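**Student:** One structure is given below, represented as structure tokens, and several questions about it will come after.
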Amino acid sequence: MTQNVDEIFKQICSLIEPFNTKKVTLSRDTIFSVDLELDSLTVMDLLAEIEDEFDITVPLNLLPDLETVGQFTDAVQKLLAEESLDE
Amino acid sequence: MTLDLFEKFDPILNDYNGLPEGEANPFTVSMEKVLSPTTAIINGRETILAGTNNYMGMTFNAECMAAAQEALTSLGTGTTGSRVLNGTYDGHKQLEECLKKFYDTDYAIVFSTGYQANLGVIATLAGPKDYVVIDADSHASIYDGCALGNATIVRFKHNDPENLDKRLARIRRNDPEAGILVVLEGVYSMLGDQAPLKELTETSKKHHAHVLVDEAHSIGVFGETGRGVAQEQGVEDQVDFIVGTFSKSVGTIGGYCVSNHPKFEALRLVCRPYMFTASLPPSVVASATKALELIASTNLRSKLLSNSMKLNNGLDQAGFKMGTTGESPIAAIIVADQNTAIAFWGEMIREGVYVNLALPPATPNGLNLMRCSLSAAHTLEQIEFMLEKFTLVGEKLGLLQNVSETALA
Ligand SMILES: Cc1ncc(COP(=O)(O)O)c(C=O)c1O
């Protein structure tokens, strides 16, 4: 299973929409805590949705390095690639 | 230019500076005198303590106080040492024996607080190759135990066995051999809801995970002999580690972990929050030991839960939006916005009722709560007084809903 970054980005954006109460235009540089004003608990809830959407484990340990939508996207791509290597 | 280390706190200080001044500020309150487990003098007024987690009213128990006094006089004010150096007295060992008897387990380790018990057990048991899987609504000490250790941390949806199952299956798919510790709480302290331990332990065991249950808010409160929710739900044999605290039902301070794992004692050699802090003072050890004996031999649970049911029903009938049902010792009113919650708290303390103002992120789902924790020591009159004051303030703030015609007439 390989998925390109753009697809992953789009999928993640659609998962973010329900949390995007201020209707911010999403880009790779959108910062969760600043631009979307999400607190850490909400980011964890979003992360849970991403886990289920892509059927991967995204450890909480990664969160400090995941501040933007782009960083989330890259992390998911990397985790998906690792999964397919294992198979 | 060098950065001021405190700059990062500016947003929170701004919020803080917006709080009401004087006695309505929830962060400046102190008790001038404590009269009993349920009353104190605050701002010169006799005040009912409605949110102390002093479930059994054990803080002024005559036998516990006598045991503490006797230990204080004969052994001094403190141990001035860690359990692994000069800080283990016979009393600490007796307390551990008492815990083993209480839980009917092979092993017990006492920590200096429940917070440290969670830090120590979680951070130490789960190493770099292991996983800790935690409930989304876990207490701060569980999250901090995860942060202190080196394991991979995965979070599942609060009290949702299916969501847990999915996450454990994913972990196993990639890592069939990994050690996994699932961390649960018997009762979640904000809304008083119990974990469905039967389903959650069954799911965990299906994936060969170890299970830790934090019974901080359930010791003394649930189970035939007061061991907590695992006992209440009949799943003690499915639970590998129970963590608890002496700071609530037991009426003093301290934490513990009990287990039947044959190598459990190894923790004393490797668990840093156990090793690198001073042990509990003898007076605390003595009162905790006595309180455990009392909890096992007396049944205050029905009194406590009937108190809680009364307050919960009364608040519900008054027209408050409730977050709790009275099945636990917690009664929590949901308040729509934070400023109203803060004002509510201030009015209540002026009326002589000290409740917990509980705000996110300490609460689940971003809820603002006026949280009470009942005590078996509360009298009916005190509960009626609380209800009267809650209703008075709720009316004043316009928080009462669905008041039926008959109630208005
Ligand atoms: C679920 C839970 N675990 C642990 C603790 C910590 O207990 P202690 O007060 O002994 O540090 C608490 C108390 O706040 C708690 O609610």
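**Student:** Give the residue that is farthest from the chain's Cα centre (by Cα), with candidates limited to residues of the range B:114-141 that are within 10 Å of the ligand (Cβ to nearest atom) and among the small types (Gly, Ala, Ser).
**Tutor:** B:Ala117
**Student:** Here's a follow-up. Just to verify a result, which residue in the range B:243-261, among those that are more than 10 Å from the ligand (Cβ to nearest atom) and open to solvent by less than 10 Å² (accessible area, probe 1.4 Å), is nearest to the other protein chains (Cβ to nearest Cβ)?
**Tutor:** B:Cys257
**Student:** So which of B:Leu280, B:Leu292, B:Leu269 is within 16 Å of the ligand (Cβ to nearest atom) and out of contact with any Ser or Thr (no Cβ under 7 Å at 6 or more places or on another chain)?
**Tutor:** Going through B:Leu280, B:Leu292, B:Leu269 in turn, the sole match is B:Leu292.
**Student:** Quick check on the range B:142-154: of everything there that is touching a Leu at 6+ places or on another chain (Cβ under 8 Å) and either among the aromatic types (Phe, Trp, Tyr) or under 21 Å from A:Glu51 (Cα atoms) (or both), which residue is nearest to the ligand (Cβ to nearest atom)?
**Tutor:** Among them, the one singled out is B:Cys146.
**Student:** Based on this model, can you work out whether B:Ala50 counts as at pLDDT 95 or above, in the same structural domain as B:Ala332 (by TED's automatic domain parsing), among the small types (Gly, Ala, Ser) and in contact with a helix residue (DSSP H, G or I) (Cβ under 6 Å, 6 or more places away or on another chain)?
**Tutor:** yes
**Student:** Limited to the range B:188-220, what total is found for residues that are open to solvent by less than 10 Å² (accessible area, probe 1.4 Å) and away from the ligand (no atom under 16 Å from the Cβ)?
**Tutor:** Final tally of qualifying residues: 3.
**Student:** So B:Thr105 passes all but one of these: (1) more than 21 Å from B:Tyr274 (Cα to Cα); (2) in contact with a strand residue (DSSP E or B) (Cβ under 6 Å, 6 or more places away or on another chain); (3) more than 16 Å from the ligand (Cβ to nearest atom). Which condition number does it fail?
**Tutor:** B:Thr105 satisfies every listed condition except (1).
**Student:** Would you tally the residues in the range A:42-87 being without any contact (Cβ under 8 Å) to a residue 60 or more places away in the chain and among the hydroxyl-bearing types (Ser, Thr, Tyr)?
**Tutor:** Of the residues in that region, 3 qualify.
**Student:** Just to be sure before I move on: is B:Thr59 under 30 Å from B:Asn339 (Cβ atoms) and surrounded by 18 or more Cβ atoms within 10 Å (Cβ to Cβ) in the structure I sent?
**Tutor:** no
**Student:** Shifting gears a bit: Can you list the helices (runs of 4 or more DSSP H) lying wholly within the range B:209-284 that have 1 or more residues being touching a helix residue (DSSP H, G or I) at 6+ places or on another chain (Cβ under 6 Å), within 19 Å of B:Ser328 (Cα to Cα) and touching a residue at least 12 places away in the same chain (Cβ under 8 Å)?
**Tutor:** The helices (runs of 4 or more DSSP H) meeting that bar are B:229-232.
Yes or no, residue by residue, for (1) touching a Gly at 6+ places or on another chain (Cβ under 9 Å); (2) at pLDDT 95 or above; (3) within 8 Å of chain B (Cβ to nearest Cβ):
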| position | (1), (2), (3) |
| --- | --- |
| A:Ile12 | no, yes, no |
| A:Ile16 | no, yes, no |
| A:Val34 | no, no, no |
| A:Asp39 | yes, no, yes |
| A:Asp52 | no, yes, yes |
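**Student:** Look through B:Asp106, B:Asp135 and report the one residue that is acidic (Asp, Glu), in contact (Cβ under 8 Å) with a residue 12 or more places away in the chain and closer than 15 Å to B:Glu215 by Cα.
**Tutor:** B:Asp135
**Student:** Condition (residue is of a type in the set (A, V, I, L, M) and open to solvent by less than 20 Å² (accessible area, probe 1.4 Å)) applied to the range B:320-329: is it met by at least one residue?
**Tutor:** No, the conditions are met nowhere in the range B:320-329.
**Student:** On to the next question. What about A:Thr57, is it under 30 Å from B:Asn150 (Cα atoms), within 11 Å of chain B (Cβ to nearest Cβ) and modelled with pLDDT of 95 or more?
**Tutor:** When the stated conditions are applied, A:Thr57 passes them.
**Student:** For the range B:347-380, give me each residue that is under 13 Å from B:Thr47 (Cα atoms) and part of a helix (DSSP H, G or I).
**Tutor:** Once the filter is applied, which keeps residues that are under 13 Å from B:Thr47 (Cα atoms) and part of a helix (DSSP H, G or I), the range B:347-380 yields B:Glu347, B:Met348, B:Ile349, B:Arg350.
**Student:** Run down B:Ala40, B:Ala67 and say which single residue is assigned to a helix (DSSP H, G or I) and either more than 16 Å from the ligand (Cβ to nearest atom) or charged (D, E, K, R) (or both).
**Tutor:** After applying the criteria, what remains is B:Ala67.
**Student:** If you don't mind, there's one more thing I want to ask. Go through the range B:79-102 and give me each residue that's more than 28 Å from B:Gly223 (Cβ to Cβ) and in contact with a strand residue (DSSP E or B) (Cβ under 7 Å, 6 or more places away or on another chain).
**Tutor:** Across the range B:79-102, the qualifying residues are B:Thr79, B:Thr80, B:Gly81, B:Ser82, B:Gly87.
The values are calculated or read from the model by the stated rules, or taken from the named source; none is laboratory data. Bear in mind that the values here come from a model prediction, so they are computed numbers and not experimental data. Cβ coordinates were reconstructed from backbone atoms using ideal geometry, including for glycine residues, and neighbour counts include every protein chain displayed. Areas reflect the complete protein model, heavy atoms only, side chains present, ligands, DNA and RNA absent. Shrake-Rupley method; radii C 1.70, N 1.55, O 1.52, S 1.80 Å.
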